[in-house]
Amino acid sequence: MKNDADMLNALFRNATEGIIVSERKGVIVMANPTAERQFRYASGELEGRIIEDLVPRKLAQKHVEHREHYIQNPHPRSMGSGLDLFALRKDGSEFPVEISLSFFKTGEREYVMSFIIDITQRKQQDEYIRNMNRELEQRVSDRTNALALANKELALSQSELTGALAKEKELNELKSRFVTTASHEFRTPLAAILSSVSLIDRYVSPEDIEKRQKHIHRIKSMVANLTDILNDFLSIGKLEEGIVRNSPETLYFISFVESIIDEVKGILKDGQQIILHHQEVQQTVELDGLLFKNIIINLLSNAIKYSPENKEIHLSIHQTKKELNIQVKDSGIGIPEEDLPHVFERFHRARNSTNIQGTGLGLNITKKYVELMGGEISLQSELEKGSTFTVRLPLPPYDESQ
């Protein structure tokens, strides 16, 4: 029996695992030298302490509950399966551990034996392996990304070449349409100007003043039309080159709109009127004045051009907290249903407008101006009943106390 006891004592003292024996309430009654070294206590210093002294402070209270629960149903098991466990040394430092528990009784007394393995070195090795794997994965990822980038650059080069060829084709088509449109649109007013100038030369007597004035007015009108055509072509060029920018400024809005209407009144036909409606519009708004003016002038000019004499054109403006809603409504010739999907395309002209002068650029330019301002433009139209263009422009939040 003594030899058996000596052997058990030798096993306990020389075990490579830390062994701690505690009684039911968690008081440590035995600890082998390995456990004392693990937790950095002197020989015999662990005895009499409670097991929670070896648990990280933030987990100590919870450990009491786990220990009491284990005592209710004691059985051999490992602690914290699948979890990272840490123990607390005397100096306050923590180290990773694996712990398994075993329960035994001596007479009426119950004990829990804890087997503790310091796995710091294993964790370091695992971390080293993980770092090596991450580094290897990163290298593979870098090589893959480099290959993908090379493929992307190759595809991009091919795409750019295809795009350049398509762009060149589009530009050639655009030039061709430009020459055709310019030739047609310039020929008519130039012929009219030439004719009027020739006739003016014949009206030299005082009684011919009225006839001269008529032809002078005609010349001015034709020059204005030519100016409009040139402005359209110049606007397209500036938009294509990215010269046009959206630069918001503070506008005294209704006064600004009224000044635009006054500017447009000079091209009204006999009996035509522009009626302005506005609702909940703030005194000032933040908009690009030049872009907004061009949008309104283009829409009002179209309404005037495609509406007969003695008709009203309605310009309605409504403001919300988030946007400005503008509508231009006319009672003109309207747009055929089959042309509606194409009205904002460059050089497109509705089939019922061939006898009315125009380049087919105005609405395309207007749409680009609206989009530069972050807005949207839409159209509703019915043949012989007129058209309504709606523009929605975003606004910065305004002060409701204004």
- prompt: Looking only at residues in region 50-96 that are under 23 Å from Arg122 (Cα atoms) and among the acidic types (Asp, Glu), which one is modelled with the lowest pLDDT?
  reply: Asp84
message: Any residue in region 298-324 that is surrounded by fewer than 14 Cβ atoms within 10 Å (Cβ to Cβ) sitting within a Cβ distance under 7 Å of a residue that is in a strand (DSSP E or B)? List the pairs, counting only those 6 or more apart or interchain.
response: Lys322/Pro394
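Which members of region 46-56 meet the condition of being in a helix (DSSP H, G or I) and closer than 13 Å to Asp91 by Cα?
Answer for region 46-56, where residues must be in a helix (DSSP H, G or I) and closer than 13 Å to Asp91 by Cα: Asp53, Leu54.
Take Lys105 and tell me if it is exposed (fewer than 12 other Cβ atoms within 10 Å of the Cβ), assigned by TED's automatic domain parsing to the domain that holds Asn14 and part of a helix (DSSP H, G or I).
On the way: exposed (fewer than 12 other Cβ atoms within 10 Å of the Cβ): yes; assigned by TED's automatic domain parsing to the domain that holds Asn14: yes; part of a helix (DSSP H, G or I): no.
Criteria not met by Lys105.
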message: Quick check on region 247-254. Is at least one of its residues farther than 24 Å from Pro394 by Cβ and surrounded by fewer than 19 Cβ atoms within 10 Å (Cβ to Cβ)?
response: no
- line: Those residues of region 3-44 which are in contact (Cβ under 8 Å) with a residue 24 or more places away in the chain and over 19 Å from Ser102 (Cα atoms) amount to Gln38, Phe39, Arg40, Tyr41
- prompt: Filter region 11-45 for residues that are of a type in the set (S, T, N, Q) and assigned to a helix (DSSP H, G or I); which is surrounded by the most Cβ atoms within 10 Å (Cβ to Cβ)?
  reply: Gln38
- request: Output the number of residues of region 65-120 satisfying the condition of being free of Cβ contacts under 8 Å to residues at least 24 places away in the same chain and out of contact with any strand residue (DSSP E or B) (no Cβ under 8 Å at 6 or more places or on another chain).
  value: 14
message: I need the full set of residues from region 13-31 which are more than 11 Å from Ile50 (Cβ to Cβ) and of a type outside the set (Val, Ile, Thr), in order please.
response: Arg13, Asn14, Ala15, Glu17, Gly18, Arg24, Met30, Ala31
task: May I ask you to list the residues in region 369-396 that are surrounded by fewer than 16 Cβ atoms within 10 Å (Cβ to Cβ) and small (Gly, Ala, Ser)?
output: Gly374, Ser378
- prompt: If you go through region 304-356, how many residues are part of a loop (DSSP other than H, G, I, E, B), of a type in the set (Val, Ile, Thr) and within 30 Å of Leu395 (Cα to Cα)?
  reply: 2
message: Taking the criterion of being in a loop (DSSP other than H, G, I, E, B), within 36 Å of the chain's Cα centre (by Cα), at pLDDT 90 or above and crowded, with 19+ Cβ neighbours inside 10 Å, would at least one residue in region 282-289 satisfy it?
response: yes
Flag for Leu379 being aliphatic (A, V, I, L, M), over 20 Å from Val244 (Cβ atoms) and within 29 Å of the chain's Cα centre (by Cα): yes
- line: Picking from Leu300, Leu276, the residue that is closer than 23 Å to Lys385 by Cα, assigned to a helix (DSSP H, G or I), in the same structural domain as Ser387 (by TED's automatic domain parsing) and at pLDDT 90 or above would be Leu300
query: How many of the residues in region 264-273 are out of contact with any Asp or Glu (no Cβ under 8 Å at 6 or more places or on another chain) and touching a residue at least 40 places away in the same chain (Cβ under 8 Å)?
result: 2
Selected residue (only one of Asp84, Asp118, Asp91 is acidic (Asp, Glu), farther than 23 Å from Asn9 by Cβ and in contact with a helix residue (DSSP H, G or I) (Cβ under 9 Å, 6 or more places away or on another chain)): Asp84
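The values are calculated or read from the model by the stated rules, or taken from the named source; none is laboratory data. The structure presented is a predicted model; accordingly, all values stated were derived computationally and were not measured. When we count neighbours, we look across all protein chains shown, and the Cβ atoms used for this are built from the backbone with ideal geometry, even at glycine.
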